[in-house]
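The structure appears below as structure tokens.
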Amino acid sequence: EQACDTPFLTPARAMGDFGAVGAATLILLLALTSGQGTDAARNANAAKSKTETVPIPTFEVPTVSFADLIDPAAFAASTADDVLRLAMLGDGVLSVSGVPGFGRLRREVMAGAALCGQIAPTARTTIFADGTARRTFASTTKGFDDHSAIDFVGAGIGSKVSNVGDDVNVDGGACSDAFKTRTNEFRAAVSAVTEHFTKRLSEVFPTRGGMPLLWNVPHDKSYATMEEVARGAEHLEHFHAYHRPALVAAATDAAATADKTADKTADETDDATEDASTIDLHADQGLFIAFTPGLIVQTIMSAGGRATVEEVVTAEGAAAPAGTFYVQRRDGTRARCEFGFDGDVIVLMLGDGVDSIVNPKMPEGVELRATPHGLSMPEGLIPSQARMWYGRMFLPPAEALSEEHGISYAALRTKVIEQVHSGDGVGGGVGCSRMLLETEGTQCADNQIFCWMRCMNHTPAANPTACAANDGGNSPLKLQCASQRGQVWRKGFDSHGDYNPTCTNSTENITADPIMPALYPRLTDGTCTNASFADFLNKTSYPNSHELVKDKLYMQWRLAVDGKAVEVRMAYDGVVGYLSVGPENVGGKRGGMQGSKVVMGIFDPDANIYSGAAWHNYIGPTGVSEHVIHATQSSFRHWKQAHNVTSLIDSSMAVTRCHSHMTFKTAIVAGAALNMTAGSSNALIWGVHTGGLLKGYHGRTGRGHLRVDFSKDVGHVALAVPSLPPIAPGPAHVHAPAPPPATAPVGQASSAAMVSPVAIYSVGAAAILAVQALF
């Protein structure tokens, strides 16, 4: 039901477009009702659906309880995990029931919103093809915590206000402090549900290789999960009030009477037939929308001309039918939604944002579904009645980059709004994202090329003159925007990566990053067991260890006999592309990553495994070396050269078909001395990559911070905080002292020049910072 003509509004734009009353104002969509209703007119029969002869099935929307949603343990232990997963992969819609006190709160707020809205001059009215008028107030809320007071127009403006074009007098106290308080409680309930929904969604659907969902336009901040995207953005809130103006209602009633005269079985088929649409099938442009099912209310006039608003109910006391909200299911069929619980639920429905933002980052075969949906108004709605509805559309952050369009979402919203204004306030449906907004041609300076959604400067090695002269005895090379694998970036098609001006005649399109080659993934034939990893850990040789990823990754260490160096071993249960650890650049950018000095153990068995010579990332051979991460550039190509002076002693990198480890002995890492003084500690960062052999992204669970006092034994330290989901699936392990590893390595080398990127994440899951994908 989200208005297709109000997408992606910034606070200022929302205020200008809708005439709202200040940047902190709630976006409310309220109905102006008119006419003098009677108790008899509040009959639920006035809200039956108009019928045709096309059968339409009923779809019972899957439901999880609020209690399960907010409790990770209960969520995992119950069926809620599977219900959410299947709902998002299936039809893309889910409801949350059992929100404490929400049923009464919903009814009070919807009735109060209808009454308060009758004295507010800022609402915007849209007229649909079937004659339905929709009255809307819109504003923004930030993340999940913006519950600032609502500045309702009308409070204190007089005891009576007459609406322009309507003959209804409403007490100015309709927008009372009590109503404002209840509305804020209502908003807080929606925030609680949506916050925990995004938490569970992020857990159930981790991204491929841990890559972030979005980056900002300067590319110095990432949004790793749905929770981080939603928390960092401003969202549109709406209260909609759908009503039938008097002339339309009369005409509609006459047509309905004629229909029923011709078809005596109309009443019998009301619940089983497809309605004529007020809003046709469309998918919303946001990531998802949270809404409450429609509720029919009616304005009642007292003898003294004062108005009150009450819910319309059936003879049995249930909510009156509020028309037909229907969806197109994944199998292509259209179905009428049944939400249950008398509508006292919060519905969560995915929008087109999942196609452009989420699905491209999902593992192969995982595709969340945006839900096409529409609305048919109930038949017989009289002028004093309105169908009230609330929704909050969750948008991407304004400063985030729309990879599809090559501009920020703030700029994209501005373009949409310009089209809305040029279309006399309607916008021709441009807000519905199935009608994608194409950016205008971008003009770069003569010394620039449009590359990865921005104008990039030519370089001495990559400019038209240099490319034409560098023909290698063949045809002149072209200046193109290419990846580190020699693949050409295409505007409007390709998204995140490390793209730069390059002299190349490549015609290869961008493809997904290669996964771990089939020669090297962990064996699944029973060879790799709990016992084999316990043997591999060899805790008797290393009296100290820190568990970095639950049951998967350990940093083991012991002080050298002379007390002047430390012997370190990083051991992982599985096959890795690289392992990394080193002193953090405290205060540095990207959570202390940029400028850090690290020891990297890389598995690089074959120079030709990924496109041979075109693969710019091959370092090889397998081994261990020191590196200084660039102070401002995260991409591996900026710091792939090993440090010119090595301080490592007896280093090695070994990868078996079951387990991997890196070992080294040192007192210095790339010129930074480790602190061995008693009572002191070393701030370290670590990383691991298991998705492939590219020097690529490490994933949310493959990075971290650690403090270690090398001057004293600490024993075996288990992970102190609840772990994030493991990097790769595998059984839990029991670790016990055992002899050295016996499994034959696939590849092994000493500290021959070798390199890989480091991956970091800041302390605490909520504070995780994702680094740029490295190719």
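The values are calculated or read from the model by the stated rules, or taken from the named source; none is laboratory data. Worth saying up front: this structure is predicted, and the values here are computed from it rather than measured. Every residue, glycine among them, receives a Cβ derived from its backbone with ideal geometry; neighbour counts consider all protein chains shown. Note: accessible area is taken over every heavy atom of the protein model, side chains too, but ligands, DNA and RNA are not part of it. Shrake-Rupley method; radii C 1.70, N 1.55, O 1.52, S 1.80 Å.
Taking amide H as placed 1.01 Å from N in the peptide plane, the amide H of PHE288 sits under 5 Å from that of GLY351, PHE394, each at least 5 places away or on another chain.
Got a number for carbon plus sulfur as a percent of region 349-421's accessible area, 1.4 Å probe?
52
In a shell of Cβ-Cβ distance under 11 Å around GLY582, excluding GLY582 itself, what net charge do Lys and Arg (+1) and Asp and Glu (-1) give? After counting each charged neighbour, the total is -1.
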